[in-house]
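Okay, structure first, notes after.
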Amino acid sequence: MKSTWSPHEKHGRLTRQSDLPDSVYAFPKQRKEPLTDATHVRNAVARFDQVTDVSDDDRALAFANIEKAAQYYDVNLSETNWHQLGVRPQPNREESSRRGAETRMRTGEAEEAARKGAATKERLGIAEEAARKAAATRRREREEGVEP
């Protein structure tokens, strides 16, 4: 599979993930797992089997992109094909995620994370935009009858 990855040359602080071109993602169609530096490459390898709703062809392309980015950022990659990184998300991932969210709500960690996220958005000047997107999502979910 031919890689579609190319290094991102824009310098300075990015304010949004949407500032990144599709070509910097391991999974470009889904815009999942950005490969913008060595740390992100290592994270993409570690989280490869956690990516959901992708085909085997998407995984093959993602691995090719990870290989190319790993070479560019001088990251040692011991895997030689995407099957070695995992094919499917871990079993019971949704159940485990739900239980984790319940624990964070019960212990108050979710509120603290929400406060930190709001402070970061305020600092970056994107709080109003984030609030508009959240309101639009809630409105759409109400119209579709989706439980929040």
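Numerical summary
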| read-out | value |
| --- | --- |
| For Gln50: the one exception among (1) more than 25 Å from Glu129 (Cβ to Cβ); (2) in contact (Cβ under 8 Å) with a residue 40 or more places away in the chain; (3) buried (at least 18 other Cβ atoms within 10 Å of the Cβ) | (3) |
| Looking only at the range 16-30, and only at residues there that are part of a loop (DSSP other than H, G, I, E, B) and either closer than 17 Å to Tyr72 by Cα or more than 12 Å from the chain's Cα centre (by Cα) (or both), the one that is modelled with the lowest pLDDT | Arg16 |
| Every pair of residues 6+ apart whose Cβ atoms lie under 8 Å, when the first sits in the range 126-142 and is among the hydrophobic types (A, V, I, L, M, F, W, C) while the second is not in a helix (DSSP H, G or I) | Ile126/Thr15; Ile126/Arg16 |
| Any chance Pro7 is modelled with pLDDT of 90 or more, touching a helix residue (DSSP H, G or I) at 6+ places or on another chain (Cβ under 8 Å) and not assigned by TED's automatic domain parsing to the domain that holds Lys133 | no |
| Residue within the range 31-42 that is among the β-branched types (Val, Ile, Thr), at pLDDT below 90 and assigned to a helix (DSSP H, G or I) present | no |
| Options Ser78, Ser97: the member that is exposed (fewer than 15 other Cβ atoms within 10 Å of the Cβ) and under 17 Å from the mean Cα position of the chain (by Cα) | Ser97 |
| Wholly within the range 48-148, helices (runs of 4 or more DSSP H) carrying at least 1 residues that are at pLDDT below 85 and more than 30 Å from Thr4 (Cβ to Cβ) | 93-107, 109-124, 127-144 |
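The values are calculated or read from the model by the stated rules, or taken from the named source; none is laboratory data. These numbers were taken from a predicted model, which means no experiment stands behind them. Because the Cβ atoms are built from the backbone with ideal geometry, glycine has one as well, and the counts that use them run over all protein chains shown.
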